[in-house]
Each structure stands twice: as structure tokens, then as C-alpha cells.
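Undergrad: Sending over a structure as C-alpha cells; questions will come in a sec.
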Amino acid sequence: MAIAASPNLDVESLRRELTGQVFAPEDSGYDDAQRLFVPVYDGVRPAVIAQVADASDIATVLTLARETGLELAIRSGGHSAAGHSTTNGGIVIDLRGLKSLEIDVESRIASAGSGLTAAEYSNETNAVGLATGLGDTGSVGLGGITLGGGIGFLVRKHGMTIDSLLAAEVVTANGEVVHADEESHPDLFWAIRGGGGNFGVATKFKLRLQPLDKIVGGMMVLPATTDTIVGFIAEAEQAPDELSTIANVMSCPPLPFVPEEIHGTLVIMALVAWCGDIDEGQKVMERFRGLARPIADMVQEMPYPEIYGPEDEEYRPLAVARTLWADSFEPATAETILGFLEASDAPMRVAQLRVLGGAMARVPDDKTAFAHRDRKMMINVASFYEGPDDRPRREEWVSDFAKALSNGDLSGYVGFLADEGQDRVRAAYPGATWDQLRRVKATYDPDNLFRLNQNIPPVR
Ligand SMILES: Cc1cc2nc3c(=O)[nH]c(=O)nc-3n(C[C@H](O)[C@H](O)[C@H](O)COP(=O)(O)OP(=O)(O)OC[C@H]3O[C@@H](n4cnc5c(N)ncnc54)[C@H](O)[C@@H]3O)c2cc1C
């Protein structure tokens, strides 16, 4: 649907003012500029997409957003499940051009543009034998994952991405460029470590790097039974912090390296990453191989960024998903998972199990705006759907599945929240965290200019 642009929106003068590029719907290149990871938002038509070149461009666009009153979306990697990085008839600040990366090998610190993807960042840092933990997907943007928290393949050894964040450059709602760290604007620095895009536009992150060249990692496919699932989780919990795992219990896709008779049956498609001594890592993997004879086993020594695996830009399935925390994992939990997966005929359905703990849990809850440090596991349930006809029943299945596993706990990881309502946003920030976030919001964005996000309203 075409939306009438605001009478105050003068695209031509914006083009003249910005160093970066501006796309309006009639411009060639607009459709490419609008394309996001999640295909559901393909039909959304912003009035203007500003591919900014620097903080000064951002300040200019923020002024325009204030003056026109148009809805403002901020985009780094464009992976928001909630569609927060685009807006019908509004203004998009697209940061994908901010790809600077300076690596100080000696002090092991990176200064990274927020428009880099996880893979771009990791490939360059790997070239000098260093790494920062991000997520499980190479195309996710550094901007979104860092501000939401960042739970990935190094989480148990080195904590979340925010635990490696030393400073950030942020353009606040009034256009001021602020350097935030433990000493300068510590309230803002606390809030952006988990509070998402509520407080300003992050242009640059200073991130701690760890010496890491190779890992023992990759995919292992095991048959999914109550025993193998429970065994997998127990092994992942008992393993040294060097091991982080993501176990996808799912219907097996028709993968060429899996025998045909397994396609469509329930398997554990696990991604594992060991970031310590290589020989010790190989031994730890034997414990997983001992759970059942692997259907496929591609776990091997590899450069760390290879764990992201190849991505096909044309493969853009429709999916509904729900995220939750779990504090224990019993055989009954595995049975519930298998029961739900067996009862669905969706082309793809999954329960993703991530054992947490380790370094992530050793940070106090009040140190950052992410305050779920003690949760033992993150579980994400998801179902693919084909279109509007089957979406309602897939959604119902996902919702029932999440309810069966969450015991009424509404809280979850903000990075994986879709557009699920304010109760879920509130629950993502437990206890005193919510009130403090609202105070910081009132300091840096009192008019809630940055409201197209998992929104934290300013305290009045
Ligand atoms: C396939 C997939 C896999 C994922 N895997 C993981 C994972 O393993 N671990 C994990 O922790 N998360 C994971 N996520 C969640 C992901 O971290 C969030 O969706 C994140 O917000 C995406 O960041 P982005 O920059 O790509 O998205 P965008 O859509 O560009 O940004 C999302 C929102 O973040 C805010 N934002 C982004 N950049 C900035 C910025 N520079 N300044 C201010 N605000 C900003 C804005 O509000 C924006 O709307 C995954 C998501 C997907 C789709």
C-alpha cells in the first residue's frame, strides 16, 4: 500500500544535505535498499531510506524525523523479526554503509562500524587470530545483536557480546554524538547493553577481542529421542565453558549428507563450538558421539568464522517463533518437545535448545540492562508456514508449544522477540532493570523518537 508522504518531507533537500545515499520509492535501487532478511516485510514501503555515511548524516535525518513527525526505523543488519527496521511511509536510517573496522592486535580491541555483519567482523578479526562472540548467523548486523545482548558460540567462555563491549559512539535523539563507556555517560552505557535501539543510533562499537584462531566445531546430527535429548543437554551443561552448543530438535530437512530414510524424521541437528585446546575439544565431542551413532558428523577443527556456515540470500522461509528461558531440563521436557514436533505437519518445525551459564552467568544482573544472567537455557520454538492460510494454525502451535515449556513465565531474550506486545517487552527487563531503563530513556530520548523497537517508554 502506498502511503502519502508527509508534506514536510523534502527528499531532494535531504539528498543534498547527506553524504550518504537517499532512496525514495520512485528511485531505482529502492527495492534493493528496502530488502530485509525477513520476507514478511517485503511489502512495506518507507517514504525514504537514508543510507547514512556518518554521525552527521544521522543527526540530519533525526532532525527530519522530529520535524516531519514521520515514524523512524533504525537498521543495521535488517534481521528484526518484529519488522522494526522498516516502516510504512516513514523514514529509515540504514547503517549498512558503516563498515569501518580497526583492529588493535596488541591491546586486542576492535573499533567496529555498526553496519558490519557478524561474518564480516569475524572474518577480519580471524585473519589476525582474534574473535568476539556474536551470534549463530553471519548475516546478522553488529548493531542489533550488540544492543540486544548477543548470545552465540562463545557465550559460555567469553560471555555475551555486551560483555565484550568497552564503549560505543551513539547519536542521541537531539543529534548529539555521545561517547558512552564506564566513565563517560555510564547510564547510557549500561542501558545500551541489552536495551536495544531505545537510546540512540549506535555508529561504532569498541569491542574486546579474544585470541581465537581455530575451534573444534560444526554440525552433528543425532536421532532425537528422550534419552538423546536429555543426554545432549546434560553433556552440554557439564562440559567446560569452552563449549557452547545449539541443539535444534527438528524434522530433518532433505539434506544431501543425510540418508533419505531419515528425511522428515525427528533429529537433533546440533551446532557445537569448542574454543579451547584442540585435542581436549576433540575428546569432549566424543561424549556427544557416544549418545547415539551420529547420522551425520561434520564436527572438525576449523577457523572460527566457518561455524556460521554458508547462507543463501534467496532462501527466505516464512516462520513464526517464540523465545523463552528454562531453568531445568527433565525427561518430561524432552517428551513435550517430541510430542509437539510429532503433532505438527509444518514443512519445518523446531525447538532450539541453547545451554547457557559459564561466563555469561558470572556477570551480576545489574551490571547491564540484560538481566537474565542466571537462566540455565534459552529455548526458541519455531514453525515455518506457507502463507496466510496456514499461518494462524502454525502460530497457534508455536504459542501452545511455548506455553507448555515456559510454565507461565512471559520473559524471554529481547533479541528474539517478534511483535508480541508490551507485556513481553516488560518481562524481558525484570525487577529494577525496567525502571532504570525508563529513567535513562527519559534522559536521552524524552519524546520517544526511537519508539519503533521493543519499546521502553520514558518515565514521566
Ligand atoms: C536468522 C537469525 C539468527 C539469529 N541468531 C541470533 C543469535 O545467535 N544470537 C543472538 O543474540 N541473536 C540472534 N538473532 C537475533 C538478532 O540478534 C536480532 O534480531 C538483532 O536485532 C538483529 O540485528 P540486525 O542489526 O541484523 O537487525 P536490524 O533489523 O537492523 O535491527 C533490529 C533493531 O535493532 C535496533 N538497532 C539495530 N542497529 C542499531 C544501531 N546501530 N543503533 C540503534 N539501534 C539499532 C533497531 O531498533 C532495529 O530496529 C538472530 C536473528 C535472526 C533473524
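The values are calculated or read from the model by the stated rules, or taken from the named source; none is laboratory data. Bear in mind that the values here come from a model prediction, so they are computed numbers and not experimental data. As a convention, Cβ positions derive from the backbone with ideal geometry for all residues, glycine included, and neighbour counts pool all protein chains shown.
Undergrad: Name the residues in region 7-23 that are under 30 Å from the mean Cα position of the chain (by Cα) and surrounded by fewer than 18 Cβ atoms within 10 Å (Cβ to Cβ), would you?
TA: Those that are under 30 Å from the mean Cα position of the chain (by Cα) and surrounded by fewer than 18 Cβ atoms within 10 Å (Cβ to Cβ): Thr19, Gln21.
Undergrad: Output the residue which, of all residues in region 128-149 that are out of contact with any Pro (no Cβ under 8 Å at 6 or more places or on another chain), part of a loop (DSSP other than H, G, I, E, B) and under 22 Å from Gly97 (Cβ atoms), is farthest from the ligand (Cβ to nearest atom).
TA: So the residue we want is Thr132.
Undergrad: Somewhere in region 420-430, is a residue in a helix (DSSP H, G or I), over 20 Å from Leu353 (Cβ atoms), aliphatic (A, V, I, L, M) and free of Cβ contacts under 8 Å to residues at least 60 places away in the same chain?
TA: Yes, that holds for at least one residue.
Undergrad: Follow-up. Here are some conditions: (1) under 20 Å from Gly217 (Cα atoms); (2) within 7 Å of the ligand (Cβ to nearest atom). Arg156 meets all but one. Which one does it not meet?
TA: (2)
Undergrad: Output the residues belonging to region 265-320 that are of a type in the set (D, E, K, R) and at pLDDT 95 or above.
TA: Asp277, Asp279, Glu280, Lys283, Glu286, Arg287, Arg289, Arg293, Asp297, Glu301, Glu306
Undergrad: In region 267-322, which residue that is in a helix (DSSP H, G or I) and in contact with a helix residue (DSSP H, G or I) (Cβ under 7 Å, 6 or more places away or on another chain) is surrounded by the fewest Cβ atoms within 10 Å (Cβ to Cβ)?
TA: Arg287
Undergrad: What tally of residues in region 179-204 results from selecting those that are touching a residue at least 40 places away in the same chain (Cβ under 8 Å) and in a strand (DSSP E or B)?
TA: 4
Undergrad: Pro259 is checked against (1) touching a helix residue (DSSP H, G or I) at 6+ places or on another chain (Cβ under 8 Å); (2) under 17 Å from Met219 (Cα atoms) and fails just one. What number does that condition carry?
TA: (1)
Undergrad: May I ask you to list pairs of residues, at least six apart or on different chains, whose Cβ atoms are under 7 Å apart, with the first in region 73-88 being farther than 18 Å from Leu449 by Cβ and the second being of a type in the set (Ser, Thr, Tyr) and near the ligand (Cβ under 6 Å from one of its atoms)?
TA: Listed pairs, sorted by first residue: Gly78/Ser85.
Undergrad: Here are some residues: Ala321, Ala351. Which one is within 12 Å of Ser251 (Cα to Cα) and small (Gly, Ala, Ser)?
TA: Ala351
Undergrad: Quick one: count up the residues across region 24-69 that are of a type in the set (Lys, Arg) and either touching a residue at least 60 places away in the same chain (Cβ under 8 Å) or surrounded by 15 or more Cβ atoms within 10 Å (Cβ to Cβ) (or both).
TA: 2
Undergrad: For Lys99, work out the one condition from (1) within 16 Å of the ligand (Cβ to nearest atom); (2) charged (D, E, K, R); (3) part of a strand (DSSP E or B) it doesn't fulfil.
TA: (3)
Undergrad: Taking region 42-80 as the region of interest, how many residues are at pLDDT 95 or above, part of a loop (DSSP other than H, G, I, E, B) and within 16 Å of the ligand (Cβ to nearest atom)?
TA: The number of residues fulfilling the criteria is 12.
Undergrad: When you scan region 143-160, how many residues do you find that are buried (at least 24 other Cβ atoms within 10 Å of the Cβ) and either without any contact (Cβ under 8 Å) to a residue 12 or more places away in the chain or in contact with an Asp or Glu (Cβ under 8 Å, 6 or more places away or on another chain) (or both)?
TA: 3
Undergrad: Which of the residues spanning region 409-455 are closer than 16 Å to Phe370 by Cβ and surrounded by fewer than 16 Cβ atoms within 10 Å (Cβ to Cβ)?
TA: Within region 409-455, Arg426, Pro430, Gly431, Ala432, Asp435 qualify.
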